[in-house]
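S.K.: Input: one structure, supplied below.
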Amino acid sequence: MPELAEVETIARILAKGDVQTPSLIGQKIVGTSVFWKKTVAEPELETFQSAIKNQTVNKISRRGKFLILELDHAFLLYHLRMSGDLKMRYANTAIPLAYPFYAHDHVYLHFESHWHLAFNDTRKFGRLWLTQYPQTILNKLGPEPFDPKLTGTVFFEMLKKHKRQLKPLLLDQSFLAGLGNIYTDEALFQAQLHPKRLSNTLTEEDANRLLRAIRKVLRLGIEHNGASIDWAYKGGGFQNYFQVYQQTDNPCPRCGQPIQRTVIGQRGTHYCAYCQKNY
Ligand SMILES: [Zn+2]
């Protein structure tokens, strides 16, 4: 599943362009093609298609795992969920398209420049919202991990309010926005905290160490353009730097003991039983 680092990478590429694709900023939407209607969560499909037409992309940002296109009169929010990706395709062709350019391209924004932004999603759980009130969707999210207002002390107070195991708590988007399975396992290893450790038992020093670890693994992830694993997202290199995630039975980089895999809150969890004690 694309997490903060992967969504941030996609947002940066769309905003700046890369060697193959132009920037999306300033591009005018001249139409849409929708091949999987459920992808458009809000508004009704016909309203979506007429309302978005002739709007220009002015800004691209990210909040948690949401990617946000700021248009002239509305915001377009994407959530990639399990396997979504946003890809620029070029073709000088009639629109709307009769067929998608590639398998699993479910929604296209067509631009005046003959570029087409495809929402590609094998598993079909990804969604988009066109809304004038993005806060109604985004205000359920907890703070951004890099928010300067999120100090060690604030984070310590947040952890203390809950009596939950660290792994599921960090995955909870209303507690902290942007973390998924990969970065949670990596951050807990960096901080040497057991994934089942109860959040209200952490000292202020533990909380500080955990926040630094979260920021460190996210920064590394972004530096390597995110992690490419299975079908979910391609183009990143952070998978080559995993310390524990999907490293079951490999030696722990710190102590050499085999990395363990367990299931916590229905999520596969990787950790070192020696380095990450539950106390
Ligand atoms: Zn270890």
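The values are calculated or read from the model by the stated rules, or taken from the named source; none is laboratory data. All figures in this text were calculated on a predicted structure; none of them were measured in a lab. With ideal geometry, Cβ positions are generated from the backbone for all residues, glycine too; neighbour counts draw on all protein chains shown.
S.K.: Give the residues of region 261-277 that are of a type outside the set (A, V, I, L, M), more than 10 Å from the ligand (Cβ to nearest atom) and surrounded by 13 or more Cβ atoms within 10 Å (Cβ to Cβ), sorted by residue number.
M.R.: Result: R261, T262, G265, R267, G268, T269, H270.
S.K.: Continuing with the same structure: Counting just the residues of region 165-220 that are aromatic (F, W, Y) and under 19 Å from the mean Cα position of the chain (by Cα), which one comes out nearest to Y245 (Cα to Cα)?
M.R.: Y183
S.K.: Spot the failing condition for L170; the list is (1) without any contact (Cβ under 8 Å) to a residue 60 or more places away in the chain; (2) surrounded by fewer than 18 Cβ atoms within 10 Å (Cβ to Cβ), and only one is missed.
M.R.: (2)
Matching residues to (1) surrounded by 15 or more Cβ atoms within 10 Å (Cβ to Cβ); (2) farther than 28 Å from D147 by Cβ; (3) outside the structural domain of F125 (by TED's automatic domain parsing):
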| position | (1), (2), (3) |
| --- | --- |
| W36 | yes, yes, no |
| E42 | no, no, no |
| Q49 | yes, yes, no |
| T56 | yes, yes, no |
| G64 | yes, no, no |
| A74 | yes, no, no |
| M82 | yes, no, no |
| L86 | yes, no, no |
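S.K.: I need a count of the residues in region 224-259 that are touching a residue at least 12 places away in the same chain (Cβ under 8 Å), farther than 16 Å from L179 by Cα and not in a loop (DSSP other than H, G, I, E, B).
M.R.: Counting residues in region 224-259 that are touching a residue at least 12 places away in the same chain (Cβ under 8 Å), farther than 16 Å from L179 by Cα and not in a loop (DSSP other than H, G, I, E, B) gives 2.
S.K.: If we keep just the residues of region 192-223 that are free of Cβ contacts under 8 Å to residues at least 60 places away in the same chain and buried (at least 24 other Cβ atoms within 10 Å of the Cβ), which is farthest from K163 (Cα to Cα)?
M.R.: V217
S.K.: Testing L218 on (1) at pLDDT 95 or above; (2) within 16 Å of the ligand (Cβ to nearest atom), one condition comes back false. Which one is that?
M.R.: Unmet for L218, out of (1) at pLDDT 95 or above; (2) within 16 Å of the ligand (Cβ to nearest atom): (2).
S.K.: Would you check which residues across region 148-160 are surrounded by fewer than 18 Cβ atoms within 10 Å (Cβ to Cβ) and either touching a strand residue (DSSP E or B) at 6+ places or on another chain (Cβ under 7 Å) or within 18 Å of E205 (Cβ to Cβ) (or both) and list them?
M.R.: Result: T151, G152, T153, V154, E157, K160.
S.K.: Which count do you get for residues in region 234-260 that are within 15 Å of the ligand (Cβ to nearest atom), surrounded by 16 or more Cβ atoms within 10 Å (Cβ to Cβ) and either of a type in the set (S, T, N, Q) or farther than 16 Å from Q190 by Cα (or both)?
M.R.: Of the residues in that region, 3 qualify.
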